[in-house]
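Report on the following structure.
The values are calculated or read from the model by the stated rules, or taken from the named source; none is laboratory data. This is a predicted model, so every value here is computed, not measured. Note: ideal-geometry Cβ built from the backbone for every residue, glycine included; neighbour counts use all protein chains shown.
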Ligand SMILES: Cc1cc2nc3c(=O)[nH]c(=O)nc-3n(C[C@H](O)[C@H](O)[C@H](O)COP(=O)(O)OP(=O)(O)OC[C@H]3O[C@@H](n4cnc5c(N)ncnc54)[C@H](O)[C@@H]3O)c2cc1C
């Protein structure tokens, strides 16, 4: 049985891992990947110490630092269920393996929200994508649509106007992202912004060929001929694995107090998956550090 299991290898989980290893805890990091959402981030301008750094470079730096404080790692597998057992917790991984620990830090972050329209599931990976930064270059020279009106959608549109022939930005509501991003978009000549438009369906034989959108004011529907659609309508917490263990809030986030404690002794949570406001790298990293220090105190108390 490990002292501590850290679930999630984004900034919250990696920071928790470093603090944990420095406390010489016998710990396991289990995660679907290393870096989490930073893998989808091209440029970061608000992480302390760097005026600008690319996402993959920041992940490299985290990993280099982590390699100085090794802990057991199981990367590429995910926890499908976390259960309470006598003296601690048991994680059941998707691959079927089981891991036990006295305490847990849950830092599973968030993932892209689905649009839930006809054609979306069938054409995912065939023109429907949830990450402009990852998949944008595939659509170079094509007409594309970005769906959403927040920062992720604005950033995706800003990326795509540089590489696509034409970009439609389709938003159900007025644009809600940062003014600085909206200003940057106003210079683009190959962009139409269609606010208060609902995406009704995505069509195509083998690949996306068009989307159908409806003007919410006039009720008129029209089709846009596009080869790609970037769905950027926000994120949802990866909290399913613990939904049977603790009570989540309405958004599916794990409620924590300012010491990263949950309602369950020994079960800590950190980063975007929690109720802590402001989902940012620096916040997640700080919360991960705090959770590790609190878990260490808890384990010390258990040992007394
Ligand atoms: C496109 C984009 C741009 C962004 N730009 C910025 C920016 O410029 N500046 C900034 O500060 N923030 C930015 N953010 C937000 C920032 O990336 C997040 O706030 C931060 O990554 C959250 O860290 P986290 O560790 O809580 O979760 P995540 O980064 O989501 O990491 C979660 C980790 O948990 C793993 N995981 C998920 N489920 C399981 C499971 N069941 N079992 C095991 N492992 C699991 C995942 O594989 C992943 O490794 C951006 C986000 C996006 C999507």
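Just to verify a result, which residue in segment 50-66, among those that are over 21 Å from the mean Cα position of the chain (by Cα) and more than 14 Å from residue 13 (Cα to Cα), is surrounded by the most Cβ atoms within 10 Å (Cβ to Cβ)? Checked segment 50-66; the qualifying residue surrounded by the most Cβ atoms within 10 Å (Cβ to Cβ) is 50.
Within segment 1-14, being more than 26 Å from residue 135 (Cα to Cα) and assigned to a loop (DSSP other than H, G, I, E, B) holds for one residue alone: 1.
The set of residues from segment 190-213 being under 27 Å from the mean Cα position of the chain (by Cα) and outside any strand (DSSP E or B) comprises 195, 196, 207, 208.
Sort out which residues of segment 15-65 are assigned to a strand (DSSP E or B) and more than 13 Å from the ligand (Cβ to nearest atom), and write them in order of number. If the condition is that a residue be assigned to a strand (DSSP E or B) and more than 13 Å from the ligand (Cβ to nearest atom), then 27 is the only one that fits. Go through segment 268-283 and count every residue that is closer than 18 Å to residue 241 by Cβ and part of a helix (DSSP H, G or I). So the count comes out to 3. Annotation: of all residues in segment 238-267 being within 13 Å of the ligand (Cβ to nearest atom) and closer than 19 Å to residue 15 by Cα, the one that is nearest to the chain's Cα centre (by Cα) is 238.
Does residue 102 count as within 11 Å of the ligand (Cβ to nearest atom) and either more than 19 Å from the chain's Cα centre (by Cα) or touching a residue at least 40 places away in the same chain (Cβ under 8 Å) (or both)? No. Here residue 279 clears all of (1) in contact with a helix residue (DSSP H, G or I) (Cβ under 6 Å, 6 or more places away or on another chain); (2) near the ligand (Cβ under 8 Å from one of its atoms); (3) modelled with pLDDT of 95 or more except the condition numbered (3).
Taking the criterion of being surrounded by 15 or more Cβ atoms within 10 Å (Cβ to Cβ), modelled with pLDDT of 95 or more and under 30 Å from residue 148 (Cα atoms), the residues of segment 80-114 that qualify are 106, 107, 108, 109, 110.
Just one of the numbered conditions (1) under 23 Å from residue 279 (Cα atoms); (2) surrounded by fewer than 16 Cβ atoms within 10 Å (Cβ to Cβ) is not true of residue 190: (1).
Evaluated against (1) within 11 Å of the ligand (Cβ to nearest atom); (2) surrounded by fewer than 16 Cβ atoms within 10 Å (Cβ to Cβ); (3) modelled with pLDDT under 95, residue 121 falls short on exactly one condition, (1). Here residue 114 meets each of (1) touching a strand residue (DSSP E or B) at 6+ places or on another chain (Cβ under 8 Å); (2) more than 26 Å from residue 252 (Cβ to Cβ); (3) within 16 Å of the ligand (Cβ to nearest atom) with one exception, condition (2).
Quick one: which strands (runs of 3 or more DSSP E) sit completely within segment 92-189 and have at least 3 residues that are outside the structural domain of residue 74 (by TED's automatic domain parsing) and in contact with a helix residue (DSSP H, G or I) (Cβ under 8 Å, 6 or more places away or on another chain)?
Per the criteria, 143-147.
Applying a threshold of 9 Å to beta carbon distances and a minimum spacing of six or more residues, or different chains, the list of pairs starting in segment 46-58 at a residue that is over 13 Å from residue 281 (Cβ atoms) and ending at one that is assigned to a strand (DSSP E or B) and at pLDDT 90 or above is empty.
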